[in-house]
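Student: Pasting in a structure now, in structure tokens, and then I'll have a few things to ask.
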Amino acid sequence: MKFVHIADMHFDSPFTALRTVDNLGDIRRLEQRKVFKKVIDFCQKNKIEYLFITGDLYEQEYIRQSTIEYINHLFQEIPNTKVQIIPGNHDPYIQGSYYATFAWSDNVHICKSELEVISEPELDFYMTAFTDFYQNKSPIERINVQNPNKINILLTHCDLNGAKDENGFSYNPISATKINELAFDYVAMGHIHKTNFKQNPKMIYPGSPISFGFDEIGEHGMIVR
Ligand SMILES: [Mn+2]
């Protein structure tokens with residue numbers, strides 16, 4: 001199987017760090033659209049079977065319907081790619097959200113609850129969703145891998161190994177030890193904007209496809225497997 005993994009697009013982010021300069025926020029929002037189109041074009045050209053989007057696709061507070069339509073139109077351009085989305089803490093699956101109300105393309109699956117398992121002939125997906133803006137207990141504690149002979153993939157938006165934000169909060173904290181016990185073949189994570197793909201071959205934050213501030217220098221992009 002071939003897949004692409006991205007996270008933390010944060011569509012329609014207000015880019016508060018750029019607020020002092022006219023138009024810079026608008027320019028960055030256009031760049032978000034461009035980079036997302038590049039990801040979709042890559043999936044199309046390379047016949048990618050799955051596109052994993054592991055949280056914070058958009059900003060619940062700021063997202064516009066026109067942006068959702070732009071995103072969905074691109075999903076419609078890759079009908080043979082299954083798009084697996086898990087909501088994160090910036091785009092939780094809540095009542096009235098676009099995840100709950102929008103008519104998404106047929107190839108899009110959005111995880112709607114804290115833990116969902118999707119079984120396909122050769123692989124099982126374990127998917128976790130934020131159903132509120134903050135969760136401090138990861139549903140992976142409840143996971144038992146049911147079919148160890150299949151390919152098992154976990155999609156989760158989380159803090160790893162006790163990581164905290166600047167206010168001391170951990171979002172869906174999980175430990176690498178616990179994940180290793182579960183023996184997943186690939187763990188598609190989101191939430192941290194800096195990629196760790198060089199440190200860990202299968203428990204991966206792709207990082208945000210674009211940088212959100214001068215504190216986010218370094219490599220940004222997507223994971224292709
Ligand atoms: Mn997040």
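Student: Which entries in Lys38/Lys150; Lys37/Lys82; Lys150/Lys198; Lys2/Lys38 show an alpha-carbon gap greater than 28 Å?
Tutor: Distance filter (> 28 Å) returns Lys38/Lys150.
Student: How large is Rg over Rh for region 123-174, taking Rg from the Cα atoms and Rh as the Kirkwood inverse mean of 1/r across Cα pairs?
Tutor: So for region 123-174, dividing Rg by the Kirkwood Rh gives 1.04.
Student: Shape call for region 103-225 from the C-alpha gyration tensor, a ≥ b ≥ c root eigenvalues: rounded (a/c under 1.5), prolate (a/b greater than b/c) or oblate?
Tutor: rounded
Student: Could you go through region 41-53 in sequence order and give the Karplus-derived ³J(HN,Hα) for each residue, using 6.51 cos²θ - 1.76 cosθ + 1.60 with θ = phi - 60°, rounded to whole Hz, and x for Gly and Pro?
Tutor: Here the 3J(HN,Hα) series is 4, 4, 4, 5, 5, 9, 6, 6, 7, 9, 10, 9, 10 Hz.
Student: I've got another one for you. Let me know the charge dipole size of region 3-224 about its Cα centre in debye, to the nearest 20, where only the beta-carbon of Lys, Arg (+1) and Asp, Glu (-1) is charged.
Tutor: That gives region 3-224 a dipole magnitude of about 360 debye.
Student: Relative contact order for region 3-224: what is it in percent, counting Cα pairs under 8 Å that are at least 6 residues apart?
Tutor: In percent, rounded to a whole number, it is 21.
Student: Then there's this: With the full set of protein chains in place, find how many percent of the accessible area of region 91-139 is carbon and sulfur; take the probe as 1.4 Å.
Tutor: 49 percent
Student: So, in Å, what gap is there between the alpha-carbon centers of region 153-176 and region 11-88?
Tutor: Comparing the Cα centres of region 153-176 and region 11-88, I get a distance of 23 Å.
Student: Per residue, how large is the accessible surface of the chain? Use a 1.4 angstrom probe and give square angstrom.
Tutor: Heavy-atom SASA per residue in the chain reads 49 Å².
Student: To the nearest 500 deg cm²/dmol, what mean residue ellipticity at 222 nm is calculated for the chain from DSSP H runs of n ≥ 4 alone, each contributing -39,500 (n - 2.57), summed and divided by the residues?
Tutor: -6000 deg cm²/dmol
Student: Of Ala188, Ser175, Pro14, whose Cα points farthest to the positive end of the dipole of region 3-224 (charges on the beta-carbon: +1 Lys, Arg; -1 Asp, Glu; origin at the Cα centre)?
Tutor: My answer, from the dipole projection, is Ala188.
Student: Eigenvalues of the Cα gyration tensor times 5, then square-rooted: what semi-axes does that give for the chain, in whole angstrom, largest first?
Tutor: Value: 26, 21, 17 Å, ordered largest first.
Student: Then there is this: Around Ile151, what is the net charge, scoring Lys/Arg as +1 and Asp/Glu as -1 over all other residues with Cβ under 13 Å from its Cβ?
Tutor: Here the charged neighbours net out to -1.
Student: Right, next: From the phi of every residue in region 106-115, what ³J(HN,Hα) in whole Hz does the Karplus formula 6.51 cos²θ - 1.76 cosθ + 1.60 yield, where θ is phi - 60° and glycine or proline is x?
Tutor: Values per residue, Gly and Pro as x: 4, 8, 9, 10, 10, 6, 10, 9, 4, 8 Hz.
The values are calculated or read from the model by the stated rules, or taken from the named source; none is laboratory data. Just so it is clear, the structure is predicted and the values come from calculations on it, not from any experiment. Reconstructed Cβ throughout: ideal geometry from the backbone, glycine too, with neighbour counts over all protein chains shown. Note: accessible area is taken over every heavy atom of the protein model, side chains too, but ligands, DNA and RNA are not part of it. Shrake-Rupley method; radii C 1.70, N 1.55, O 1.52, S 1.80 Å.
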